[in-house]
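Remarks on the structure that follows.
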Amino acid sequence: MADIRQQLYDRIKASTKESVILEEMKRLGFWKKEEGIPSLSEQLIVKEADLTKELKELLEQQRKYENREAALKEMRKARMAQSRAKREENKQLRKQKREAKAARWKDSKEKDILYLGEDVSKGLNNKESDLTKLATYGLPVIHHAEALAQAMQTTIGNLRHLAYHRIISKTTHYKRFYIPKKTGGKRLISTPMPKLKQAQYWILENILNKVTLHDAAHGFVKTRSIVSNAQPHVKADVVINIDLKDFFPSITYVRAKGVFKSFGYSEQVATIFALLCTEPECDQIAIDGVTYYAASMERFLPQGAPTSPAITNIICRKLDARLRGIATKLNFTYTRYADDLTFSASGDAAAGTRTLLGFVKKIIKEEKLNIHPDKFRVLRKGARKEVTGIVVNEKPAVNAKELDRFRALLFQIEKDGIAGKHWNNSTNLLASMKGYASFVAMVDAAKGKPLVERVNAILAANQFKHVIRHKSKAMRDKETAQAPKGSGSSDAKKPWWKFW
């Protein structure tokens, strides 16, 4: 009852007593009026209530304005409340935008690759491959990263991890070590870790191996070998051997990317392929117990990746065509095994050697390659002529003195055992013996077969089923100390072309 009375007081205070009585009489049905025509007394009562209400509002506003400080405080309070409401609204709006952006970014990371590191990410938005070019080479149609990941049966995340170009990283995708060169010195080998190697083999089998090479190329080509490379030069009067300096490092990321773009692949796919097939030279740095790998050069083809020889053969198609052209014009024969270029001629054609070399040097320079000054040889009549380690004076043969030395080694081992013996400075004696015997058998089966049988007998006598020999701890420590920065130690000592 008290609540009802208070409500009546509040209503009377807000308008007038008469207007409240009028409203209640209408509500209770005591007020009689003509249908649709209000009575004069009712209009007056309502008008009085409206005027009273308006007057009270004006008086209240006047009281506020009379007290300046109270008015300003009220205004500030209203503005603050309005500002807080606006800030909260903006905060919620920004939160919604962030969440939407994060969701879009998460979705794009799962389906696309938008960034792969500094200086290599330009053009990743280009996802349109040239179908005509791809059909010409008979290559699989791949427009973008998502399709590539599906074709390679991997995830976008794994593809991004393998291809990402890092200036500083805590991980490395390669194991690096040195192997001795036959001519002295050391050769850096970079073998990819299993996941990267698997990706590279996919590229090799599905892309690179489908591209037709120039018939002058013999290195890393099916059905061809160092023997097929040497055969065309047998009995020549003059043989010219030219080695290319820093062959694999001279093929940079930009040139590798250009190869894949020339096939018709989009900028995005070509970039990913080139990053998967190249690596920068890295320095290993230890800080606070954490090992970092710092890239010190631009990316290039690593010597040890399965894709490197195929890419160099493809890049050298133009080189091979130009060198074959000038060689044919001057009646010379030309072949190439990786970075070893060989020219030969007989009779009157041999007199054109100086002219040929002038053109060859010019062409090699124009193809952005360099001749190794210490491995440039012109072998004429009377000299022992070798092509990629095979003597070609009369027929494909091995070096007679080296072969005699090897037979003497086998005799000593059969007589006294393997202790204290060595072959060609290799720390893995049995493996190097097995390799050399197989090499002789490949060049000359009649001479090689007995050697292979003798080596196998030595291996069996020493209880080795495979050509693997465990080295002493001192030897392993020595090789670890000699390994390059960022490398692991190696127990693989074999010709560099065997790492593919």
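The values are calculated or read from the model by the stated rules, or taken from the named source; none is laboratory data. Here the structure is a predicted model, which means the values were calculated and not measured. Quick reminder, even Gly has a Cβ in these numbers, built from the backbone with ideal geometry, and neighbours come from all protein chains shown. SASA here: full protein model, heavy atoms, side chains in, ligands and nucleic acids out. Shrake-Rupley method; radii C 1.70, N 1.55, O 1.52, S 1.80 Å.
Some points to look at:
- Lys, Arg +1 and Asp, Glu -1 on Cβ, resulting dipole of region 119-207 about Cα centre, debye, nearest 20: 800
- Contour excess over end-to-end distance, with Cα ends at Ala151 and Thr171 and 0.36 nm allotted per residue: 4.6 nm
- Eligible aspartates and glutamates near Lys434 by straight Cα distance, threshold 14 Å, same-chain separation 8 or greater: Glu453
- For Ser346, nonlocal amide neighbours, meaning residues 5 or more places apart or on other chains whose placed amide H falls under 5 Å from its own, are Asp237.
- Contour minus Cα-Cα distance for Lys222 and Glu205 (0.36 nm per residue): 4.9 nm
- Simple label model, 7 Å out from Cα along Cβ direction - Arg104 to Arg384, nm: 7.2
- Relative packing of 203-209, 442-448, which averages over residues the other C-beta atoms within 10 Å, highest first: 203-209, 442-448
- Approximating the spin labels as points 7 Å out from Cα along Cα→Cβ, the Leu72-to-Lys56 distance works out to 3.1 nm.
- Cα long-axis angle, helix 2-14 against the chain (0 to 90 degrees, to the nearest 10): 90
- Residues whose amide H lies under 5 Å from that of Tyr292, counting only those 5 or more places away or on a different chain, are Ile285, Ala286, Ile287; hydrogens are built 1.01 Å from N in the peptide plane.
- Accessible area per residue in Å² at 1.4 Å probe, computed on the chain: 59
- Using R0 = 56 Å, the C-beta based FRET efficiency linking Lys186 and Ala461 works out to 0.95.
- Two-site FRET efficiency, Lys365 against Asn331, from Cβ-Cβ distance with R₀ of 25 Å, rounded to 0.05: 0.60
- Using R0 = 25 Å, the C-beta based FRET efficiency linking Glu48 and Leu28 works out to 0.75.
- Pairs spanning more than 32 Å between alpha-carbon atoms, out of Lys111/Lys245; Lys109/Lys261; Lys175/Lys395; Lys101/Lys210: Lys111/Lys245; Lys175/Lys395; Lys101/Lys210.
- Protection proxy ranking for 124-134, 83-93, 242-252, using the average of other Cβ atoms within 10 Å per residue and placing the highest first: 242-252, 124-134, 83-93.
- Shape call, the chain: gyration tensor on alpha carbons, a/c limit 1.5: prolate
- Note, ³J(HN,Hα) from phi for region 427-440, Karplus 6.51, -1.76, 1.60, rounded to Hz, x at Gly and Pro: 7, 10, 4, 5, 5, 5, 5, 4, x, 5, 4, 5, 4, 4
- Helix-only [θ]222 nm of the chain, DSSP H runs n ≥ 4, -39500 (n - 2.57) each, per residue, nearest 500: -16000 deg cm²/dmol
- Dipole orientation for the chain: of the candidates Leu131, Asn428, Ala85, Asn428 has the Cα lying most toward the positive pole (charges on Cβ; Lys, Arg +1; Asp, Glu -1).
- Bridgeable aspartates and glutamates around Lys127 (alpha carbons under 20 Å apart, same-chain partners fewer than 8 residues away excluded): Asp107, Glu110, Asp112, Glu118, Asp119, Glu146, Glu267.
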